[in-house]
Amino acid sequence: MTKIEEVAQAVQNGKAKIVGGIVQEALDAGCDATEILNDGMIAAMAVVGEKFKNGEIFVPEMLVAARAMKKGVEVLKPHLASGAAGANGKLILGTVAGDLHDIGKNLVGMMIESAGFEVIDLGVDVPIEKFIECYKENPDTKIVALSALLTTTMPSLRDTVKALNESDFRDKIKIMVGGAPITQEFADEIGADGYSPDAASAAELAKKLAGC
Ligand code: B1M
């Protein structure tokens, strides 16, 4: 088994205590950090999702896999992030109300931070008012970035974008959206300024929207 396959196995099986060590071994063996993330960890979560869909595993197994992935990402983070913190301005990030998924959002935040933004991460299940309040406390914010992972929270994403579109600070911010069920078409339909399918392209999009 390759080191990357070992990482994938550890994430899939929810081995939070040992996954960090295996990621470190993969790095020491010369594996590329992005490859470890994509082919090891994200691929493992896709398998976990598939097994859940097929009824082979249940929510607790998804949860332990998610914990293991977070532990692995902690080790990987210094190898993925690089940019000068805050130089490109502030960005407010959060997973919309009703949605508890945060791994993708955290990766997006990490990549955007390394693209030189100061990221204010409001966490998961974020009510619309919290985004608005946060902007009012940080009126120099350039972008509000919203994540949604469930088809059932797409309406929540729509409502959040609508509220931001109707706010009196709309012309001061750009809104970007993403998450597995989101498409460019949906982003256009709900009035977001941008959509990206993954964390790396989210960082590129943030720079473009902020005019960097
Ligand atoms: Co959930 N879950 N989950 N889950 N879960 C999915 C999303 C699901 C696809 C699994 C499946 O059935 N195959 C399914 C959704 C089906 C659907 O809506 N069509 C699902 C379900 C059904 C549920 C529950 C309803 C299950 C239940 O309770 N019966 C429940 C809902 C809870 C809630 O949110 N209210 C639930 C719960 C959970 C856990 C809490 C157990 C756990 C989350 C733990 C956590 O995040 N801390 C969990 C997990 C782990 C998953 C899977 C297995 C993995 C998600 C993940 O982290 N992926 C997932 C299956 C899957 O994804 N294949 C699944 C890895 C991550 C790197 O990818 O999040 O897609 P992702 O992020 C990507 C892109 O989407 C994008 O970039 C990221 C990095 O490349 N991106 C953005 C994300 N946000 C972005 C924002 C941007 C731009 C890009 O700009 C702002």
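A199 fulfils the conditions (1) modelled with pLDDT under 95; (2) more than 11 Å from the ligand (Cβ to nearest atom); (3) of a type outside the set (D, E, K, R) except for a single criterion, (2).
Looking across segment 74-95, the residues that are assigned to a helix (DSSP H, G or I) and either assigned by TED's automatic domain parsing to the domain that holds A199 or surrounded by fewer than 21 Cβ atoms within 10 Å (Cβ to Cβ) (or both) come down to E74, V75, K77, P78, H79, L80.
On the stretch given as segment 165-184, residues that are assigned to a helix (DSSP H, G or I) and under 20 Å from the mean Cα position of the chain (by Cα) total 1. Residues in segment 186-212 that are closer than 22 Å to R158 by Cα, part of a loop (DSSP other than H, G, I, E, B) and of a type outside the set (A, V, I, L, M, F, W, C): G191, D193, S196, P197, D198. Residue count for segment 26-43 satisfying the condition of being surrounded by fewer than 15 Cβ atoms within 10 Å (Cβ to Cβ) and touching a residue at least 12 places away in the same chain (Cβ under 8 Å): 3. Here the condition is being touching a strand residue (DSSP E or B) at 6+ places or on another chain (Cβ under 7 Å) and either outside the structural domain of K77 (by TED's automatic domain parsing) or surrounded by 14 or more Cβ atoms within 10 Å (Cβ to Cβ) (or both); of A163, A202, A180, A115, it holds for A202 alone. For V124, indicate whether it is at pLDDT 95 or above, outside any loop (DSSP other than H, G, I, E, B) and not hydroxyl-bearing (S, T, Y). No, not satisfied.
Taken together, the criteria exclude M62 from residues that are surrounded by 19 or more Cβ atoms within 10 Å (Cβ to Cβ), near the ligand (Cβ under 7 Å from one of its atoms) and of a type outside the set (D, E, K, R).
The values are calculated or read from the model by the stated rules, or taken from the named source; none is laboratory data. In this text, all values refer to a predicted model and were calculated from it rather than measured experimentally. Virtual Cβ from ideal backbone geometry, glycine too; neighbours counted across all protein chains shown.
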